[in-house]
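Take a look at the structure set out below.
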Amino acid sequence: MAAVPQQISSLPSGLGVCSTFPDILYLPELVFGGLVWILVASAHVIQTNPQGWVMFVSVFCFVMTFLWLIIFVSGGHKNSSTWATADFIYHLIAVTFYLSASVSQAFVTIILQHSSAIESQYDKYYQMNIAAVVFSFVTTLLYFIHCILSAARWKSF
């Protein structure tokens, strides 16, 4: 009896998620995205501040990336071509959101730097905003790399 060829999925499942590229990027995306979320939540918010968008993006991408990771680890992706497309689209949205949030966070930090009242109490918040900008751009880069590699994987189907 001849063996029936199985469709080989290039999307990993189980612990294979932690050992394949670009899927190994889920973990640093969660770490750096969580750091952005924590730093922005801890910073002093001025009324005309666009940091609400930064918080939305960081929380949204953190939760969605965590859910995406759980789906891949549990093997919930049965139709690999559809999941490869969805993976690419999600990471494209995440890159767009995080880039806009990073620019907004950098803008807020520049305004805070040039404000006339950088006193000792605001210096701590200014440093937290600088760290949030750095981690936000690092997270954007991670999502961008993941998006490019997901697009290559999607095109290979």
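The values are calculated or read from the model by the stated rules, or taken from the named source; none is laboratory data. Everything quoted here is computed from the prediction, not taken from an experiment. Here Cβ is always computed from backbone atoms with ideal geometry, including for glycine, and neighbour counts include all displayed protein chains. Heavy atoms of the whole protein, side chains included, go into the accessibility calculation; ligands, DNA and RNA do not. Shrake-Rupley method; radii C 1.70, N 1.55, O 1.52, S 1.80 Å.
Key figures
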quantity	calculated
Output for the stretch 54-92, where each listed residue is outside any helix (DSSP H, G or I) and either open to solvent by 50 Å² or more (accessible area, probe 1.4 Å) or among the basic types (Lys, Arg) (or both)	LYS78, ASN79
Matching option when the condition is out of contact with any Lys or Arg (no Cβ under 6 Å at 6 or more places or on another chain), open to solvent by 60 Å² or more (accessible area, probe 1.4 Å) and modelled with pLDDT of 80 or more, among ILE24, ILE38	ILE38
Test result for GLN47, among the polar types (S, T, N, Q), part of a helix (DSSP H, G or I) and either open to solvent by less than 70 Å² (accessible area, probe 1.4 Å) or at pLDDT below 85 (or both)	no
